[in-house]
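J.: Okay, here's the structure, questions in a sec.
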Amino acid sequence: MAEKPEQRKADAAPNVSAVETVKAATEEEAVAAIDANVGRGEPILQVRNLKKHFPLTQGIVFKRQIGAVKAVDGVSFDLYQGETLGIVGESGCGKSTVAKLLMTLETATEGEVFYKGQDITKLSGRALKAVRRNIQMVFQDPYTSLNPRMTVGDIIGEPFDIHPEVAPKGDRRKRVRDLLDVVGLNPEYISRYPHQFSGGQRQRIGIARGLALNPEVIICDEPVSALDVSVQAQVINLMERLQDEFNLSYVFIAHDLSIVRHISDRVGVMYLGKMAEIGTDEQIYEHPTHPYTQALLSAVPVPDPSQREHRERIILTGDVPSPANPPSGCSFRTRCWKAQDKCAQETPLLAVPEAFRAGDTLAAHESACHFAEEKDIVNAA
């Protein structure tokens, strides 16, 4: 596994650091800033108050907006060069929408996404094209993310048609064969079609396509959820090796808490479009302070029968609220056993709980809860 960046103490280095914006008077200056190198451990991607609200309309001819689905509602975090940031949460909490916003596949309703000091939500033309060259994506479904009418060589080589400066025409076929070899596939498979491969092999093809343009950041949207457990391990080990070899930064989105812990340096927990808790893998898994994170970890199966007998299973009551009509104050209060009047009246900030700010403890990480506290949980993640 790639060496993790030095663990940051929560009270010394917060989840978000100061954004050093780079003012570019021309498109050429913006492209030059985007192509500049970033030192290891420095923030490469900085997300601030990111929101995506999908409008709900009424009428056929004369449409009017009657509400909005708040898929992402004020998410902020930093991704550091060379690290992996894991994002977990229930289905529908906004993880994949965050991924699309980072890739500018969706237009943000509000907020900013800074890549090397440039707000990519406001870029266009060559500057945006340069950002998309440096930020690539590995999709969830290895079956539908590959065009069945194209050969593997055409799929992996297609990015070179959009960014010809990366690989001249005469070198493209050799470059594709090299990429197949890097991800552990036989270069002789270059003329085969996607249906001739297994699920794990198809995901390797998707990873090779993501690596084609020498990106610095790869957004991984549940890249192993559709694969068997043994194949999952192979793909995760491949991604760790590639991160070390190419100095990549990952945003790794998944449901499987054990996989996220294995690959991630820091982990963010999302609930109903917001970040509930964020910290290092040890802080989140061994010292969770948010009730939702504690409930998630308590649901992980424990293989050891002796430990299983002593665990406390946290059963959440009620359904997940609709993002079209989220609760006032804390979005988790309708399912939380700690909920009080304050939770309905005030929205908790994502910050280090006051009780842990003075001490040098792993519980001193950012949690969006008025009554954040540690709870002993036996988990297998």
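The values are calculated or read from the model by the stated rules, or taken from the named source; none is laboratory data. These numbers come from a predicted model, not from an experiment. Please note that ligands, DNA and RNA were not included when accessible areas were found on the heavy atoms of the full protein model with its side chains. Shrake-Rupley method; radii C 1.70, N 1.55, O 1.52, S 1.80 Å.
J.: So what is the 222 nm mean residue ellipticity for the chain from helices alone, if each DSSP H run of at least 4 adds -39500 (n - 2.57) and you divide by all residues, rounding to the nearest 500 deg cm²/dmol? List each step's numbers first, then the result.
T.: Values: 12 runs with 109 residues, N = 381.
Using -39500 (n - 2.57) per qualifying helix, the result is -8000 deg cm²/dmol.
J.: Okay, moving on. D for the chain, whole µm²/s, Stokes-Einstein with Kirkwood Rh over alpha-carbon pairs at 25 °C and 0.890 mPa s: what number? Walk me through the numbers before you get to the answer.
T.: Details: Rh = 22.1 Å.
This corresponds to a translational diffusion coefficient of 111 µm²/s.
J.: With only alpha-carbon atoms in the gyration tensor, what are the semi-axes of the equivalent ellipsoid for the stretch 1-155, in Å, largest first?
T.: Details: eigenvalues 154, 95, 80 Å².
Equivalent-ellipsoid dimensions as semi-axes: 28, 22, 20 Å.
J.: Would you work out what percent of the accessible area of the chain, with all protein chains in place, is carbon or sulfur (probe 1.4 Å)?
T.: Numbers: 8640 of 17950 Å².
About 48 percent, which is the carbon plus sulfur part of the accessible surface.
J.: Rounded to the nearest angstrom and ordered from largest down, what semi-axes does the equivalent ellipsoid of the stretch 111-168 get from its C-alpha gyration tensor (root of 5λ)? Let's see the in-between values first.
T.: Values: eigenvalues 137, 52, 13 Å².
Taking √(5λ) for each Cα gyration eigenvalue gives 26, 16, 8 Å.
J.: List the pairs from Lys23/Lys174; Lys51/Lys375; Lys51/Lys169; Lys23/Lys63; Lys51/Lys116 whose alpha-carbon separation is above 29 Å, in the order I gave them. Numbers along the way, then the final one.
T.: On the way: Lys23/Lys174 39 Å; Lys51/Lys375 31 Å; Lys51/Lys169 40 Å; Lys23/Lys63 39 Å; Lys51/Lys116 20 Å.
In this structure, Lys23/Lys174; Lys51/Lys375; Lys51/Lys169; Lys23/Lys63 exceed 29 Å between Cα atoms.
J.: For the stretch 138-276, just list the percent of Cα-Cα distances falling in each 5 Å bin from zero outward, please.
T.: Distribution as computed: 2, 10, 20, 22, 20, 13, 8, 4, 2, 0 percent.
J.: Percent antiparallel among DSSP beta bridges with both residues in the chain, to the nearest 5? If you can, show how the numbers build up before the last one.
T.: Details: 29 of 46 bridges.
If I count the DSSP bridges inside the chain, around 65 percent turn out antiparallel.
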